[in-house]
Amino acid sequence: MRRRAFLVGLAIVGLGIVGGSALADDFVALATRPLRGDAARLGWSNLRVGLRVQFPAAVSGRTFLSRKYDVLDALERVLERTRYDPNGGAQERERLGRLVAETVRHAAPAGTVSRVTDIWIEAR
């Protein structure tokens, strides 16, 4: 449970939550915890990533929300192994953004994510 405590900015944006349901056109905004890394090896010493997830239907939204910590854990594991050049410009951000979107789609329960958008990356 301690690992769950460091999740930063777990925000539910625009959800009409009634008994934990999510509407088909709603988004959930998620952010990873600040990750620490070896700047010489990975290119960053502190990395934060945020994203928005869209669901194809209310049922898939509820299913995703029940597994959101598993998705974030998988994303954090991938990011902790990922080399990223903060000075790499737009191409490097797009590369990491594609990796984030692919990881979320792969880690989420099948059929629950229709789009991953608004990916932001903050690296130091």
Theoretical gain in end-to-end length, Glu102 to Trp120 [0.36 nm per residue, Cα-Cα removed]: 5.0 nm
Integer Hz, Karplus 6.51/-1.76/1.60 couplings in order for the stretch 86-91, x for Gly and Pro: x, 9, x, x, 5, 4
Karplus-derived 3J(HN,Hα), 6.51/-1.76/1.60, for each residue of the stretch 68-82, Hz, glycine and proline x: 4, 5, 5, 5, 5, 4, 4, 5, 5, 4, 5, 5, 5, 9, 9
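Readers should treat all values here as calculations from the given coordinates under stated rules, not as data from a laboratory. Because the structure is a prediction, the values reported are computed rather than measured.
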